[in-house]
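Trainee: Here you go, one structure.
Every number here is computed from the coordinates shown, using simple stated rules; none is lab data. Predicted model, so just to flag it, every value in this text is computed and none were measured.
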Amino acid sequence: MKQWILVALFLLFLGAPAVWATGTVNINTASVEELAQLSNIGPSKADAIVSYREEHGPFRSVQELTNVTGIGERIVEMNLDRIELD
């Protein structure tokens, strides 16, 4: 019985980050740390997003993220519900 409780707690904590990471991120104003909260975006990809934004100006569409090195269609699709522009 004790093992089942431990397994249940483990599974609960395994899914917890997905529940906590539900806020939206404005890709035109977010910091590297905020961008890194998105799925499959670590610090280096977040830094690439900020660098692209500084060089090219604000993103005009979410799809423009695919112009950033390391960001593909799949990553954009995974985060569509969490990305905002304004």
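Trainee: V25's amide H: which non-local residues (gap 5+, or another chain) put their own amide H closer than 5 Å, with H modeled 1.01 Å from N in plane and none for Pro or chain starts?
Mentor: I83, E84
Trainee: For the range 23-84, report the convex hull volume of the alpha-carbon atoms normalised per residue, in Å³, without decimals. Kindly include the intermediate steps, with their values, before the conclusion.
Mentor: Values: hull volume 4.3 nm³, N = 62.
Hull volume over Cα atoms, normalised by residue count, gives 69 Å³.
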